[in-house]
Each structure stands twice: as C-alpha cells, then as structure tokens.
Amino acid sequence: MNSLLVLPVIIPLGGALFLCMLRKRTTAVTAVSSLTAGFGLTVGVMLISLVVKQGPQAVSLGSWPAPYGIVFAADLFSAAMVLITWVIGLGIVIYSAADLKHKPSFAHYQVLIQFLLAGVNGAFLTADLFNLYVWFEVMLIASFGLMLLDAGSIQIQGGVKYVFLNLISTLTMLLAIGLLYGATGMLNFAELHHKTPVLSPGLINILAGLFLFSFSVKSALFPLYAWLPASYHTLPSSVAALFAALLTKVGIYAVIRTFTLVFPFEGTGWQTILIAVSGLTMLTGVLGAASQFTIKKILSFHIISQVGYIIIGIALYTRLAIAGSILYLIHHIIVKANLFLIGGFLNRKFGSDHLSKMGGVYKSFPVLAVLFMIPAFSLAGFPPLSGFWSKFAVIRASIETDHYWLAATALIVSVLTIYSMLKIWNEAFWKPAPTDPVSKPVRSLSSREACLYLVPIATFALLTLIIGLAAEPFFRFADQAALQLLEPADYIQAVLGVKG
Amino acid sequence: MRSVIFRTTAHIVIGIMLLFSLYLLLRGHNEPGGGFIGALIAVIAFALMILAESAEYVRQRIHFSPGLIAVSGVGISLFSGLFALFLNRPFLSGIWWKTSLPMGTPLLFDVGVYLAVFGAVLSILLRIVEDLE
Amino acid sequence: MESLLSLITGMLIAAGVYLMLERHILRILFGFILISNGVNLAILTSGRLSKTGLPIIPPGGVMPDTPYANPLSQALILTAIVIGFGVLIFCLVLAYKACQVQESADVNLMNLSEREEK
Amino acid sequence: MVISVFVHLLLLLSLSSLYDPHGVRWQWQWVPSLGVSFSIQLDGLSMLFSWLICGIGFLVQLYAYHYMKGKPSSALFHIYLTLFMMAMLGLVLAGNILILFIFWELTTITSYLLIGFNHDQQISRKNALQAILVTGAGGLALLAGLIMLGGMAGSYELDHIIKNIHLIKTSNLFLPTLILILAGAFTKSAQIPFHFWLPGAMSAPAPVSAYLHSATMVKAGVYLLARLSPVFCHSDLWFWSLVLVGGTTAVWTGLLALKQTDLKLMLAYSTNVALGKLMFLLAFGSRFAIAAAMMFIIAHALYKAAFFMVIGTVDKAAGTRDYRHLAGLGGILKMSFIAAGLSALSKAGIPPLPGFLSKEYMYKAALGVSYLPTAILVLINAVMAGLAFIIVIKPFLVKPDENSVPLKSVEKYTFLWLPPLCLGFLGLFTTLFGLDWLNATLIGPASIAVNPGLETEPLKLWQGINLPLILGGVSLLLGLVVYRYHDAISGFIDQITRRLPSGNDCFEKVMQMISRLASWQTGIFQHGRLSDYMLLLFSILGVHLLWYAAALPVPRTMDFHGVSLHEVILAVFLLAAVITLLLSASRLMGIFSLGTAGFITTLFLMFYNAPDVAKTQLLVETLTVIFLVMVVRRLPGFADTATHSAVRRAVNAGVSLSIGVGVFWTLTSITSGTMDTKLTDYFAANSVIAAHGRNIVNVILVDFRAMDTLGEISVVVMAALGASTLLKKRKRRNG
C-alpha cells in the first residue's frame, strides 16, 4: 500500500475545491494555489526518489486487487512526468499571479489549472485504460474551460476548433477501449500486456490504429495537429505555457505507454508509419513556425515540430531512442513553457504579440535577453544546453538504426528552428524599440509583478542549463526509464502484485 | 401558461420528484438507481420549477448557489475516499460501520456524486435560462 | 443478437460522422450526440449482450441467480454518458457563444484565430 | 576589460607551461552513458592554434579597449570576445570530437553575438543571421558526420578514432561521413559556395573582424580538417574536393576582392582567398605542404589581424574605408602605417617575413605535385600581393586630392596602433630569430599531428636560389602588375561578376523560397476551415478502419439469434429517425428526431438488461432535449448556413459509411469470439460479500472503480464552471 501515488491527483483536486470556496480574494487564491502546487512538487520529489530506490510502485484504489480494481502505478517514466508536471505547475501558478491577476475570472483560472494538473497526473499514474480515458477527459474539459475563460471572439473561434477536434480524439479512444475490453475482457495495462498478443493480428492492428489515431490527435502529430495552431496563440500566456508544456506531452506519454506495454509494435507496420509521421511532423511544424510573425504563433507551431522529434524515439523503438525521447520530453516541457512565459512578458511589455511592434529589449532589459537566449538556443539544440543532448541521442539513434533521412530531416529542421528563434531575437531584442508604440501597455509593471514574471522564467532557464551541463544523471535516468519501458516486467510485477 | 393550476400541480409533482430522487439515491446500492440518476431527476424537477415560476425563484429556494453544491459534492466524494487514508488503507477503500446496517463510505461517495451532478447541471440550466431572458 | 446491435452501432456512428462533417454548428453537435450514443452501444455490445438476467443480486443472495448482463460494461457506459453529457452541455454553450460572435453558424467561417495578422 | 586581458595572458602562460610536443591528454567523464568525455588534448597542432588564439586575442582586446571606448556596451563587448576566445580555445583543445563539436557551436553562437554587435542597424542583424544560419547548418551536417565517425570507430575520442582508421576506411559510411564533415568545415571556413557570409560579417566592429577572420573562427574549419586529416587523407574524394573547392574559392574570391572599394571588404575577400589556399595545401598532405600550411596559418593570422586593426583605425580617422576617398594617411597615422607596411610585405611574400617563408614552401609542395597547381598558386599569390600593395599604397602613400576626406589624428590612443605594430614586428622577429624555436616546438609537432607518417624537416629562411624563389619573384611582379592596372582589372571583373548571381543573392533566394514554401504548406494544412479539418481526421479513421476491417476473419455466422421482432421494428424506427435527422431542414425537427433516436436507444438498453444505463440515458436525453430547445432558438437556422457541394457531401457520406461499416465489422468480429469474464465474475462474487451492495453496476461505480467516478464528477463540475463563466461574460457586457 502506498498512498504517495494518489497524492499527485488528490492534492490538486482538493486544492481546486478549496479554491472554489475562496471566490474572489485574489491574494488568498494565489497563496492557496501556490501552496497546493508546492505540496504537489514535494510529493513529486518524494515519489521519484521512492521509485528510484525501490523500483516501480503501485497502489490499488479501494483495496481491490489487480486487475479488478483500478491501480495507480509509477515507474521511472511516470514519476519523472509527475515531477516535471509539478515543476511547471508551480512555475505557472506563480507566473499567473502576475499575468492573470487582472482578469475577471482569476479565481476560476486557478481552479481549472489545479483540475488540469489533477487530470494530467492521473493520466501519468493510472495503470487502467478506462481510467486513463477519464483523466484525459478531466484534462480536456479543464483545458476547454481555461481556453474559454474571459474569451474574446478570436479565442472563442479558436476554441471551437480545439474543442471539436479533440472530441473526435476522445470519442475514438472511448470506442477503442470498449472494443479492446470486448476482445480481451481486461482494462488493466499489465493484464492487457499478456492478453493482447493472443488476439488476431488484424484485430490488434485495428485497435492499435484507433489508439494511435486518438493519441496522435492529442500529441498533435502530422496531419492531425490543426487544432493546436488554431487555438493556442489565442490564450493568455500562462495558460498557453501550461498547455504547451503538458497537453501534447500527455498524448505522447499515452503513445509511449500503450505502445510499449499493450501493443509492443516493434517490427510492425506501425513502426514504419510512425517514423514517417515523425519526420513529417517535424517538418510541417517548423515550416509553420517559419511562416508566422507573432511570437505565440511561432511557438505554437514549434510545439508540433518538437513533438516530431520526441516521437522519433518511440518510433525507432531502441533503448537509446526511447531514452532520448524521454529526455527530450522533459527538456521540451521546460523550454517550451519558458518560451511562452517570456513571450507573455514581452506581450505585456509591448501590448502586442506581433514582432513588428516590438524591439529594443536587448538594451532595455538585458537580463531577459539572456533568459530568452537559453531556452531559444536549447530549443534549437545548441550545446551545451538541454536540447543538445536530447537531440543528439535521438539523431544518433536514427543513424544507428540506419534511418539516415530521418536524421537528415531532424538536422534540417534544427536549422529552421534556429532561424525562427533568431527571428524573434532579431526583431524583439536586437531591433531598436519602435518609436511609436501602437498601443501602450495597459498597466505599468510594478517591480513585484516583474518579480513574479521573472522568477519562473529564471528558474526554468536555470533548469535548462543544469540539464545541459550535468547531462549524465539525467540521461542515465532516462536510460533506466527506457529500459523499464522496454522490459516492463518490474512494472507488471508491481501492478499485478499489488495487495488489496 | 403560468396558471395557478399549473403552478400548484407543478409544485406537487416537483415535491414527489424530489422525494423520488432521494429514494433512488439511497436505494442505488442495491437496486437500479444511484447518485447520478437521482440527481438528474432532481434537476428535471427544478427545470419544471423554472418553467412554473422563474429562475430567480429557484435560486432563492435552493439557498445555496448551485455551483457551491456541486463543489461540495466533489468534496464529499473526495473526503469519503480520503477517509480510508486515515485508517492506513488505500485511497477510496470502502469503510463500513456496521455490516448489518448498510452505511459506509461508498454510500457517502454516492451522495457526493448526487450533489455534484445536481449542482453542476442545475447551475448551467439556471445560467442558460437567465442568459436567454 | 450482437449483430443487430453492431449494425445499429455502425449506423449511429456513420450518421454521427456525417453530421459532424457538416457546416452548421448545431448539426455538428447532433453528430456528436449520435456518435456518443453509438460508442456507448458499442461498449455494451462489445461486453456481450444478455437477456437472461439483470446485474443485480436478489435480496439475501450473494451471487446472481441467473446468468447476468455484463455489469462492467454498463458501469463504463454510465461513466461515459455522464462525461459525454457534461462535455455536450459545455459544447452547446460554446456553440451558442460562437454563433453570437460570428452571427453565423457556419464553422468554416469561424476562422478569426487563423487569419494572417498584418 | 582588464580581467579579460588577464584571462588571455593566464591561459597563454598556463597552456605553454603544460605543453609538451609529444602531446598531453587529460580526461574527465562528462556524459559517459552517451560516450562523451571531456577530454583535452594538447599537441603541436592545438598549441599552434592556442598560441594564435590567446596571443592575438590579447592584442585584439587591447585594441578594442580604445576602439570601443565611449560606446555604451563596451564591457559587454569584451565579455563576448572573451567568451568567444574560450570557445575557440576549447575547440582546438578538444580531445573528443563531440566536445569539439560543442565548442564549435559555441563559437557559432558567440560569433553571432559579435557579428551582430551593432544590432541597431538592420544590415548587422541580417548579416549576423546569415552567418549563424550558414555556419549553423554546416555545424549540424558536421554533427551528423561526427556521430557517424564515432559510430564507425566505436568511440568519440580522437586518439581512439585515429587508432582505428582501418575500421573507418572499410565502412560503407566512409563517404557520407567525409562529405558531411567537409560540409561543416567548408561552411565554417567560408569556402565556395558558402563564402558569402564572411564578407557579410564585416558589419561587425573592427576588433571582431580582426579576431574572427584572422586567427580564429574561420580557421576552425581548417583546424578540423587538419585534425581529421589522418583519417581521411588517403581518400580521393578528400583530395579532389579540397583541391577543387579550395582552388576555386581562392581564385574566385581573389577576383571579387580586387573589385572591392571598401578596404575592409577587400580584406574580407582576401581572407576567403587565404582559406582557400589553406584547403588547397591540406589536400596535398606532403611534408612541404603541411609545413607551408602551418607557416601560412601563422603568417596570415599575424598580418591579417594587423590589417583589420589598421583599417579600423583608418575608419576612425577618416570616417570611411573606401580607398577612393582615402589618401595621405601615412602622414597622420604613422605607426599604423608601419604596421600596415610590415603586414603588406608579409602578405606579398617579401623576405624575410613569414609570408615569404610560407610561400616558398608552398611552391615546393606544389611543384612536387604538378604544374597546374603551381600555376594556380602563382596566380593566387599574385592577387594577394596586388591586394597588399593596394591596401597600403593607395590610402597611405598617395597624395590627397579633391576626392579625399579630411582626416583626424587618432593615434593619441595608444592601443589603436600598438597592437598591429606588435603583430608586424612579431612576424619579423619570428622569422629572423625564432625560426628554430618555431620549428621545434610548433611546426614540427603540428605537422606530425596532421599526418603522423611524415618526416618533418625544419623550415629554413634561405635555401639558395631555386625554382620556388623564382616563382615567388614572378608572383610578386605579377602583383605589381595587378596594382598598376588595378582600375582596369577591377572594372573588367565587375563586368563579369555583375552578370553572375552572388552568393548573397542566392542565400536570399533560398530564404525566400523557404518562406514561400512555409506559407504555402501552412496554407494547405492550416486553412482555418473546421469541417475540412474534421474531414481529414475522419477520412484517416475511415481508411484505417476499412483497410484493416477488411482483413479481419469473417465470422462464420451473423449472430441474430434471440432477436425478437419488436427489436427489429424498433431498429427500423431508429433508422427512420436517423434519416429524418440527416435530412431535417428545421432545427426543431432535428431535435425531435434526435430525441426519438435517443429514446429508442434507451429501449434497447432496457431490453438488454441495463436498467441503470437505460434510466440514465433517458434522463440525459430528456435534459439534452431541454437544453437544445432552450438554446436553439438563438442559433441561426439550417437554411441560413451554406451547405457543402454535392461532391463534398458524397465524400462525407463515403467517409462516414466507411467508419460505420468498419465499426460494425470490427464489433461483429470481436463478439463472435468468447470473452474473458474474469473481471465480471469477481465483481459478482464480491459485490455483496465485500462491498455490501446488490446492484453490481452501482457498486462498480462507487466502489470497485470509484476513481473513474471521481474523475467523472470533476468533469461535470468543470463543465458547469466553464459553461457558466462563458455565459456570465455577455451578461456583464450588456449590463
């Protein structure tokens, strides 16, 4: 019995409920929300150290033994995702205290952020397929809410696309779960690991394809990503950062989890398809970014491109590749959140998101320039930042498995990534400040607010640096996590051996 | 439409429906029914009340804001699960006081479901009605 | 009997998909409702059908007397229905707001968020 | 600034004290699980470059102190320069090819910051971007090459790779690896067709040019090739690509240099020439060639750095760098004139300066190969000499006329003239007095590092009158001719080159193409029409389902037993309701048929013993209809909205049919098998005993799988929260 495993879900749920009671008291809301995230972070740290020390952990909810009840389980991969979720969660809650403070629905934002975190953590921890669906829905509806709080017309129209395209994904997932249950009689991941291989190959293909489709929409893979660039840039920066960091990653998590545990697809046609898809995803994403001129749109398209890199790992299905994917996932969550946060700060400063209306930040705010450089170059994969190691691992894995054109695509995309990051740099930072700002920032920035903005930005930048410079422990961790995914005996043992 | 007869009948029907919804909630563990079904019947009852009276009337009659009811519903369910943690058992483990009398945390959980669904659906219903007026 | 329900499921889903591909936002919602119903039926069918007994244990017993309908698929459907209902209401409100903003119900015209900014 | 100067000296001294001509290695495990250790390797080649990097860096820092004086961000400038220096030093000291790559990229980043230092000007920003894109792209090619190289050798350690050359040579990845590494080196060292970024980078302040384009950044490619030459030098591709690319670069950029009027640009192009020449020499790989290359690296670093600094000073004094407007500088910038003179002599190859020495051996090496390369070298050197004369004589010695700009004296700032002067004399003294030392400590060991099989021979200043010396004389004379007829020649070159696209133009074209491609493809995939997005998603789903469902085993019989008549009738009614819904032209009709369909579904749930589900479905259906009816009046009617074309509707129908059929078929196939009832058996057995409830479905919901339900009610509450805030907003606006 290990209650630590449910805390990452219970804490934000409880926090959200408590926040509902607080209503409009901004300071109290901020305090409670940060406190909740702080607890979550603590639990995340405890969880990961437990898993590192004692191997995969599991707890059965309601004391019903596996596979009858719902089991929450954490291996290294899950634990890492939970921890990183809380790192981002805490950062964003702090940032939003400045960014969203003046929104009429400030309290609702905080409530929904906590619900979202609950959903995300639930998805990372559950070892039950239908329960995964439930957490996906929790996450999704929280994101619907966040997307449409205080929404203007652009946001509503972006929201329509986000909502309907995502609904197709969850409906497909539900259908697939129903069919898989009918075919195997099981819902528990570990039990499914034994049950699915005996199904007829045709059926496996159908079901695997349905799951892959559903998760691909969530992860914004080519060509199913249209909802993302249509909606993310309409969001307030802190929400955009949260979405960018976590939502697509949950999709990727689900891909990795199901396709290592339930449908190990090594050597099947899916592998080929996924390899092709990852290349196209990288390419379309970065081209999209190259065609845009507002920071949030550039960054939104970049999410897609980077998702492509992460998917390479699972598509190639070697230990190095999956380790690279996991490292990439962690790196990208931090970096992308940070870039959106910086974008939000610039937006606040200039009252616009368009590059042509910005300039001179390099001179007026050199600290921010440094803070931007770190994630921007990390995103582009420059050494010795976090992005380099993950990109290196992924590219090396593609070369080692003789997927040369995949490596070539990844490299070309890197060049375009540099280009679009430096486009922001050249315009917002280096270009002289516009002489006639079109719209003055609505409110001036107090030093306390600036602090709230900058603390998360600086922390994330520091993390990027640390992962880059002390890559060894991180990579070794990712390597171990990949090993656990490829040889899931320990995970299965933990899940099925769970006591009532 | 809002004749006296309609309103009186409506009130009687609403009363019966609310009682029925509670009955469904309580027997749900053993017979068809349960928190969700009960809650929906209650909401339909109040929808009838909105039709008979007005949204404002309903708001006044419930005393609490429906949103708050919904939140406390989730809170009750969560709490019923947390109860097991204090006894050092996994989250959501059913704790029963007397084996003979069916009274335990799963029932509390169902009450939470009832309140959550009732509050949530009613709050949207009221909001839409108000918005359309 | 599974075949009949499979057929109905397929029909509901096909009709739902067709409606979701239309341009009027209300018809898209209709489509969503139909697909939801279809998927729920799919889960029911997939968990096998039974006309012999309810998944309810008679008073005093410890096991159902007769072969019983699959309770798990029913529970899953219940959860799915509730979630679907919540989502549907949200979508309905969203559709309503979107039409107000656009003054049209044509989803293909709702592309403010993807227009190029000068 | 003091600190950065100090850093340079300290590094210089410490490296020198550690140095041992046989090579020193030091290793620290950095990321061992990826095979990356932080290894430092200090041998002759590294030391030669380190000396240049630190020594010239030191002088450039001094120069920059006065050059940047009064600029607001001069401190930042020194920091960048120091960072760049360290990156460069790391590059030449790396003993692991990935560490080398990391520093390589760091030089790219820091040089970006330096080149774009005058970022207020658009041209600076543009050129900095160009430089980083070109070198960055090359860097990534290099990364791929290095990964493949490491993969072939089994390690990323340099010494290990050199020991395992036999593994690499036999691998079928040899050629691609070589090409990728060459691409990296050629971009960094500004070889054709990537030469254009280097002149573009001239928008940087003078100290940057003096540093980056003399001893450091651009030499990184040369260093890399020298370093890896033991691995590749036996390949034909290596020889031919270096000869062709190096030779073409040298000749072509030499011509381009002649047509420039901006002295700094002229120097920039002549740097291209020098780099091309170095590639040329590396290709030969003979002992003379390598010795000449090493000597030329030193000579070029010394005179080119001095030149750039002098031109910077000239710019300060005159406000222009166009030689047509410059004259009589010799009288005012006396010290700079001496420095420029010494550099020009070295560049032109006049004894006893280092340029002469390298030229001597260059000819020796070329004569060992054949006459054609010798002729090319003579031509290149003639151009070099001509350029040297132009740069010194025209601005410094010619008398001022009406075109000339007024000059001001800037030599009161010591560091504007002292560093170039030092460089000039350093060259002179080295060849006159330090040649033995140079041979023993640097050139000899460096040559061995480049080609371990070589027997080195110490360089000698005077070798008697021989063919190389005569050739040197010839190229010098030709240089004078170039100088004499410079106007005519540059006009002629201008005539030729104007018709040809410049590298810069091509780069712009490529960038435009990329951005057009980007907009084009984004327009295709991100068009903003929701129903087309949906069609894409659903058609993928449809194709998938149909494709694989067709491959499913056909169930032997359709399982219709137990189906009663009323079910069939209801099914027909359901079909009718659905068809009405599909065809309905009014909103209320739609809702009515939707409701009917829902209620019939409910009945089916009843028939199949799902009372809880049926009740819930009934209630949900009722509420849905209530909600729909309330809202629908505020929505536009079906008739007010455009519909799809007939073709599109047919496509939609096809897609939806394929999904429906796919689901039906899959479901039939699944249900034709038997099901594992382990879970439900357990639930039935434990429902009363362990969970105290007789309604198994409800027990599952609140106990066995209560976590699902907890999530589910959260969803409902959030939906309410989200929907009510959505609605609230409008009220506020109206009120």
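List of remarks:
- Here each label is just a point 7 Å from Cα along the line to Cβ, and for D:ALA685 and B:ILE16 those points are 4.5 nm apart.
- Calculated P(r) of the range A:34-89 - Cα pairs past 17 Å, %: 44
- Label zone of A:GLU472 (point 7 Å out along Cα→Cβ, amide N under 20 Å): in the range D:146-169 this covers D:155-160.
- Averaged over peptide A:165-172, the number of partner chain Cβ atoms lying within 10 Å of each residue's Cβ comes to 6.
- Computed from the C-alpha gyration tensor, the three semi-axes of the ellipsoid equivalent to chain B are 33, 17, 9 Å, from longest to shortest.
- Separation between Cα centres of the range C:11-76 and the range A:114-173, rounded to whole Å: 23
- Measuring nothing but how far apart in sequence close Cα pairs (under 8 Å, 6+ apart) lie, relative to its length, chain C scores a relative contact order of 24 percent.
- The listed peptides D:354-366, A:255-267, D:231-243, ordered by packing as a protection proxy, come out as D:354-366, A:255-267, D:231-243 (highest mean of other Cβ atoms within 10 Å first).
- Rh (Kirkwood; distinct C-alpha pairs) - the protein assembly as shown, Å: 35.0
- At full extension, D:GLN27 and D:VAL543 could sit 180.1 nm farther apart than now, given 0.36 nm per residue minus the alpha carbon distance.
- The alpha carbons of chain A stretch over 70, 55, 42 Å along the principal axes, in descending order.
- In this structure, D:SER502 and B:GLN60 have a Cβ-Cβ separation that, at R0 = 60 Å, corresponds to a calculated FRET efficiency of about 0.15.
- Cα shape, the range A:266-422, gyration tensor, a/c 1.5 rule: prolate
- Pairs exceeding 21 Å between alpha-carbon atoms, taken from A:LYS357/A:LYS431; D:LYS347/D:LYS412; A:LYS24/A:LYS336; A:LYS195/D:LYS678; D:LYS259/D:LYS334: D:LYS347/D:LYS412; A:LYS24/A:LYS336; D:LYS259/D:LYS334.
- Taking N as its residue count, the alpha carbon Rg of chain C over 2.2 N^0.38 Å: 1.48
- Accessible surface buried once A binds D (1.4 Å probe; total of both sides; Å²): 8800
- Carbon plus sulfur fraction of accessible area for the protein assembly as shown, probe 1.4 Å, in percent: 68
- Whole-number accessible area per residue in Å² for the range D:574-726, which is evaluated in the context of all protein chains at 1.4 Å: 31
- For chain D, the Kirkwood hydrodynamic radius from C-alpha pairs, put into Stokes-Einstein at 25 °C and a viscosity of 0.890 mPa s, yields a diffusion coefficient of 78 µm² per second.
- Between D:LEU588 and A:VAL198, the FRET efficiency from the beta-carbon distance, with R0 = 60 Å, is close to 0.75.
- Label sites at D:ILE514 and A:ALA276, each approximated as a point 7 angstrom past Cα along Cα to Cβ, lie 2.7 nm apart.
- Rounded Å value of the spacing that divides the Cα centres of the range D:653-729 and the range B:30-73: 24
- Taking other residues whose beta carbon is less than 12 angstrom from the beta carbon of D:LEU594, and scoring Lys, Arg as +1 and Asp, Glu as -1, yields +1.
- Helix D:74-93 axis, angle to chain D major axis (alpha carbon atoms, nearest 10°): 90
- Size of the C/D contact, given as accessible area buried on both chains, probe 1.4 Å, in Å²: 8500
- Calculated [θ] (222 nm, deg cm²/dmol) that DSSP helices of n ≥ 4 give over chain D, each run adding -39,500 (n - 2.57): -24000 deg cm²/dmol
- Other residues with beta-carbon under 14 Å from the beta-carbon of D:LEU635 carry, at +1 per Lys or Arg and -1 per Asp or Glu, a net charge of +1.
- HN-Hα J in Hz across the range A:200-213 - Karplus 6.51, -1.76, 1.60, θ = phi - 60°, x for Gly and Pro: 5, x, x, 5, 4, 4, 4, 5, 4, x, 5, 5, 4, 4
- Rounded tilt (10° steps) of D:611-632 against the dominant C-alpha axis of chain D: 70
- Rounded to whole numbers, the Karplus 3J(HN,Hα) couplings from phi for the range D:326-338 are 10, 6, x, 5, x, x, 9, 9, 5, 5, 4, 4, 4 Hz, using 6.51 cos²θ - 1.76 cosθ + 1.60 with θ = phi - 60°, and x at Gly and Pro.
- Annotation: per residue accessible area for the range D:322-455 equals 40 Å², rounded to a whole number [probe 1.4 Å, protein chains only].
- Report note on the peptides A:17-24, D:461-468: ranked by the mean count of other C-beta atoms within 10 Å, highest first, their order is A:17-24, D:461-468.
- Surface exposure of the range A:3-496, expressed per residue as accessible area with a 1.4 Å probe, stands at 23 Å².
- Averaging the Cα positions of each part gives two centres, and for the range D:421-480 and the range A:198-270 these lie 64 Å apart.
- The C-alpha atoms of chain D define a longest principal axis, and helix D:467-484 lies at about 80 degrees to it.
- The amide H of A:ILE70, built 1.01 Å from its N in the peptide plane, has A:LEU61 as neighbours under 5 Å, considering only residues 5 or more places off or on other chains.
- Relative to the current alpha-carbon distance between D:LEU18 and D:ASN466, full extension at 0.36 nm per residue lengthens the span by 157.3 nm.
- Taken across both chains, chains D and B shield about 3700 Å² of accessible surface from a 1.4 Å probe.
- Averaged over residues, the count of other Cβ atoms within 10 Å places the peptides D:216-226, C:56-66 in the sequence D:216-226, C:56-66, highest first.
- 222 nm mean residue ellipticity, helices alone, for chain A (DSSP H n ≥ 4; -39,500 (n - 2.57); rounded to 500): -25500 deg cm²/dmol
- Stretching the chain fully between A:ALA31 and A:ALA433 yields a gain of 141.1 nm (0.36 nm per residue, less the alpha carbon separation).
- Averaged over the residues of C:51-63, the number of partner chain Cβ atoms lying within 10 Å of the residue Cβ comes to 6.
- Taking other residues whose beta carbon is less than 11 angstrom from the beta carbon of D:ALA706, and scoring Lys, Arg as +1 and Asp, Glu as -1, yields -3.
- In the range C:13-28, burial by the other protein chains removes 40 Å² or more of accessible area from C:ILE13, C:ALA14, C:VAL17, C:TYR18, C:MET20, C:LEU21, C:ARG23, C:HIS24, C:LEU26, C:ARG27, compared with the chain on its own (1.4 Å probe, ligands and nucleic acids ignored).
- Applying 1/(1 + (r/R0)^6) with r as the Cβ-Cβ distance of A:CYS451 and C:ARG115 and R0 = 35 angstrom yields a FRET efficiency of 0.45.
- Simple Cβ-charge dipole of the range B:4-132, Lys/Arg +1 and Asp/Glu -1, about Cα centre, in debye nearest 20: 280
- Cα gyration tensor shape for the range D:676-735, rounded if a/c is under 1.5, else prolate or oblate: prolate
- Extending 7 Å from Cα along the Cβ direction at C:MET63 and again at B:ASN88 yields two label points whose distance is 3.5 nm.
The values are calculated or read from the model by the stated rules, or taken from the named source; none is laboratory data. Nothing here was measured: the structure is a model prediction, and the numbers come from that model. Methodologically, a virtual Cβ is constructed for each residue, glycine included, from the backbone with ideal geometry; neighbour enumeration extends over all protein chains shown. These accessible areas exclude ligands, DNA and RNA; they are computed on the full protein's heavy atoms, side chains included. Shrake-Rupley method; radii C 1.70, N 1.55, O 1.52, S 1.80 Å.
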